[in-house]
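Just below is one structure, and these are the notes that go with it.
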Amino acid sequence: MSEPLILGIETSCDETGVALVRGCELLGDSVASSVDQHVRFGGVVPEVASRAHLEAMTPTVRRALDQAGVTLADVDAVAVTAGPGLAGALLVGVSAAKAYAMALGKPLYGVNHLVGHVAVDQLEHGPLPKPSIALLVSGGHTSLLLVNDLATGVVSLGDTVDDAAGEAYDKVARLLELPYPGGPPIDAAAQRGDSKAIRFPRGKWGDGTYDFSFSGLKTAVARHVEDAERQGVPLVVADIAAAFQESVVDVLTRKAVDACVEHGVRTLVISGGVAANSALRALAEQRCAEAGIELRVPRPRLCTDNGAMIAALGAEVVKAGLPPSSLDLATDTSLPVGSPLAM
Amino acid sequence: MLLLAFDTATPAVTAAIGETDADGAFALRASASSVDARRHGELLTPTIQGLLTESGLTLAELDHIAVGVGPGPYTGLRVGLATGRAFADALGIPCHGVVTLDALAFATKRTEPFLGMTDARRKEVFWARYDDHLTRTGEVQVDRPAEIDTEDLPLIGDGARMYADVLNTQAQEPHLPDAGAMAELALLRLHRGEELPEPVPLYLRRPDAVEPGAPKKVRQWVK
């Protein structure tokens with residue numbers, strides 16, 4: 001018997017994502033992004049994102065169905081991001097998902113965006129070994145998770161105490177007069193720089209927790225820029241970018257590998273928008289190889305926000321036999337990672 | 001002709017199923033409303049489910065959907081529009097837009113001029129002038145109540161009620177839109193062969209967002 005066909009809908013930030021997944025197979029995946037509308041503001045404007053979600057919603061569903069070569073009548077269940085995310089943005093996806101589920105007479109599952117970022121790896125690398133450690137790094141999140149079971153057993157080991165890693169990239173890019181979003185231009189500039197030219201602090205380094213902090217690092221970069229300015233010294237963007245990036249990925253990979261070792265876990269998944277970063281991938285590969293850990297990083301398209309991650313988690317939740325969400329499902333802007341399914 | 005109407009552009013979540021026969025005679029099959037400005041997303045689909053149970057109808061029997069396009073507070077407004085568009089997409093039937101103030105005005109059955117007003121937050125109201133319950137004169141606008149020339153006309157809606165002091169006029173019923181009236185209005189227009197507008201939100205304001213100032217140009221960069 002073939003596995004159920006899951007329609008996944010994601011609208012937690014600035015990407016309207018819709019995908020169709022059967023088991024670990026991605027059949028169709030469409031994303032409409034409003035990122036171009038946020039560039040001039042230097043960050044995501046919630047009202048702009050929410051307006052864009054409403055306009056993109058049904059056309060994105062249509063594109064995903066066409067790509068998968070299926071119709072809505074073929075769908076067995078609807079999964080949607082219930083949180084965490086921007087309130088107004090989440091509400092567009094949840095409202096549409098409820099209407100699709102009700103009109104199709106199929107169950108609705110409100111699922112967790114963060115766990116979706118881990119589940120998506122199954123579409124590329126097959127079933128996730130149990131347990132695994134997952135490092136989620138994006139513009140909104142920096143979390144280290146112990147994943148015993150995607151549908152029922154995700155434990156948060158640590159989180160950022162201030163800025164998310166991607167947020168730090170955006171803020172530092174602004175300091176360096178590089179464009180938004182800051183990840184790609186800093187990564188590109190860093191390729192030409194010397195990461196040892198400046199020593200920036202490592203937030204919460206060796207503090208015995210799996211938490212992260214990037215606010216102090218951002219301030220250190222700002223001070224460096226101001227000092228150079230005061231002294232009339234030209235600023236070497238490539239070196240600053242390389243040293244900043246080195247500080248970020250050093251802490252991220254060290255804590256992720258430490259978590260694997262402490263918990264006796266042989267598999268590390270890195271996902272989220274920042275997982276596309278070349279320095280993060282390179283250092284994670286090196287440190288995982290040294291520690292005998294299998295590193296799994298989904299392709300960049302799957303690392304950023306999309307419907308595939310939500311459909312992939314929906315497939316796990318259905319397989320685990322969890323009860324569907326009711327039609328009065330509420331969005332939860334701070335849904336904890338320990339709740340893969342919102343009720 | 002069976003039509004499902006709903007509106008989430010005010011603190012009310014209101015939904016109704018209406019029907020017209022071949023002669024255009026209207027019958028209300030079911031309706032329900034509740035007032036909770038913070039729970040539109042939770043309340044709308046269960047309310048519609050309740051209408052279906054009450055009327056013994058199924059979504060598959062519907063011919064049209066009509067949804068309030070506002071104006072109204074944006075987060076709630078989008079709940080109705082996202083729901084209406086998705087229903088229409090899944091059911092393969094048209095989804096039409098109805099201006100929320102027009103539904104409010106239609107429910108008054110008034111034959112003389114009046115103004116309709118709903119709360120726009122930030123000390124402003126969304127408003128429009130009507131010659132009678134079916135005829136709006138001009139575009140819907142957003143203004144501070146004190147800046148509106150009311151022409152001493154009767155004022156209806158919760159916007160008028162909230163600012164009765166400033167407007168020097170007691171607001172008349174109804175205060176909030178009712179989807180039963182919205183269904184009747186939409187079916188009347190369809191029966192007359194009028195083209196109903198697309199379900200596109202009436203925001204009337206641009207998003208609140210400030211562009212960051214230009215970066216200082218005093219730095220010397222080596223790029």
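The values are calculated or read from the model by the stated rules, or taken from the named source; none is laboratory data. Computed from a prediction, not measured in an experiment: that's the story for all the values here. Every residue, glycine as well, gets a Cβ built from its backbone with ideal geometry; the counts of neighbours run over all protein chains shown.
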If I filter the range B:14-25 for residues that are over 21 Å from B:L185 (Cα atoms), at pLDDT 95 or above and crowded, with 19+ Cβ neighbours inside 10 Å, do I get at least one hit? no
Scanning the range A:1-43 residue by residue, the ones that are closer than 21 Å to A:V80 by Cα, assigned to a loop (DSSP other than H, G, I, E, B) and touching a residue at least 60 places away in the same chain (Cβ under 8 Å) total 8
Is it the case that A:A96 is within 7 Å of another protein chain (Cβ to nearest Cβ) and not in a loop (DSSP other than H, G, I, E, B)? yes
Filter the range B:33-81 for residues that are more than 7 Å from chain A (Cβ to nearest Cβ) and charged (D, E, K, R); the one that is nearest to B:A5 (Cα to Cα) is B:D63
The lone condition B:L28 fails out of (1) touching a helix residue (DSSP H, G or I) at 6+ places or on another chain (Cβ under 7 Å); (2) crowded, with 18+ Cβ neighbours inside 10 Å; (3) more than 8 Å from every other protein chain (Cβ to nearest Cβ) is (2)
Residues (farther than 20 Å from A:A256 by Cα, part of a loop (DSSP other than H, G, I, E, B) and touching a helix residue (DSSP H, G or I) at 6+ places or on another chain (Cβ under 6 Å)) located in the range A:334-343: A:P340
Evaluation of A:R254 against (1) buried (at least 20 other Cβ atoms within 10 Å of the Cβ); (2) at pLDDT 95 or above; (3) under 21 Å from A:A190 (Cα atoms) (one fails), failing number: (1)
Taking the stated definitions as given, is A:T60 of a type outside the set (A, V, I, L, M), more than 10 Å from chain B (Cβ to nearest Cβ), within 21 Å of the chain's Cα centre (by Cα) and closer than 19 Å to B:L77 by Cβ? no
For the range A:318-343, which residues satisfy the criterion of being charged (D, E, K, R) and touching a residue at least 12 places away in the same chain (Cβ under 8 Å)? A:K319, A:D332
Subset of the range A:202-215 that is surrounded by 14 or more Cβ atoms within 10 Å (Cβ to Cβ) and modelled with pLDDT under 95 - its residue that is nearest to the other protein chains (Cβ to nearest Cβ): A:S215
Scanning for something over 18 Å from B:A90 (Cβ atoms), hydroxyl-bearing (S, T, Y) and either in contact with a strand residue (DSSP E or B) (Cβ under 8 Å, 6 or more places away or on another chain) or not assigned by TED's automatic domain parsing to the domain that holds A:V21 (or both), does the range A:80-103 turn up at least one residue? yes
Looking at the structure I just gave you, is B:Q170 away from every other protein chain (no Cβ under 14 Å), in contact with a helix residue (DSSP H, G or I) (Cβ under 8 Å, 6 or more places away or on another chain) and either outside any helix (DSSP H, G or I) or touching a residue at least 60 places away in the same chain (Cβ under 8 Å) (or both)? yes
Note on the range A:199-228: residues assigned to a helix (DSSP H, G or I) and more than 22 Å from the chain's Cα centre (by Cα) are A:G216, A:T219, A:A220, A:V221, A:A222, A:R223, A:H224, A:V225, A:E226, A:D227, A:A228
Just for the range B:4-52: of the residues that are β-branched (V, I, T) and more than 20 Å from B:G116 (Cβ to Cβ), which one is farthest from the chain's Cα centre (by Cα)? B:T20
Of the residues A:E262, A:E246, A:E290, A:E294, only one is touching a Cys at 6+ places or on another chain (Cβ under 9 Å) and either touching a residue at least 24 places away in the same chain (Cβ under 8 Å) or charged (D, E, K, R) (or both); which? A:E294
Considering the range A:108-147 alone, what residues qualify as being within 14 Å of another protein chain (Cβ to nearest Cβ) and within 22 Å of A:R62 (Cβ to Cβ)? A:L108
Can you name the number of the only condition in (1) part of a loop (DSSP other than H, G, I, E, B); (2) touching a strand residue (DSSP E or B) at 6+ places or on another chain (Cβ under 8 Å); (3) surrounded by 13 or more Cβ atoms within 10 Å (Cβ to Cβ); (4) not polar (S, T, N, Q) that B:L190 fails? (1)
When every residue in the range A:117-165 that is assigned to a helix (DSSP H, G or I) and out of contact with any strand residue (DSSP E or B) (no Cβ under 7 Å at 6 or more places or on another chain) is compared, the one surrounded by the most Cβ atoms within 10 Å (Cβ to Cβ) is A:A119
Failed condition for B:L3, given (1) crowded, with 23+ Cβ neighbours inside 10 Å; (2) free of Cβ contacts under 8 Å to residues at least 40 places away in the same chain, with all others met? (2)
Hey, could you check the range A:32-57 for residues that are touching a strand residue (DSSP E or B) at 6+ places or on another chain (Cβ under 9 Å), surrounded by fewer than 21 Cβ atoms within 10 Å (Cβ to Cβ) and modelled with pLDDT of 95 or more and say which is nearest to B:R78 (Cα to Cα)? A:E55
Using the structure shown, decide if A:A134 is within 13 Å of the chain's Cα centre (by Cα) and within 17 Å of A:L295 (Cβ to Cβ). yes
Looking for something in contact with a strand residue (DSSP E or B) (Cβ under 8 Å, 6 or more places away or on another chain) and within 14 Å of chain A (Cβ to nearest Cβ) - is there at least one such residue anywhere in the range B:132-151? no
Given the condition facing chain B (nearest Cβ under 7 Å), closer than 11 Å to A:I9 by Cα, in contact with a Leu (Cβ under 8 Å, 6 or more places away or on another chain) and modelled with pLDDT of 95 or more, answer yes or no: does some residue in the range A:68-91 qualify? no
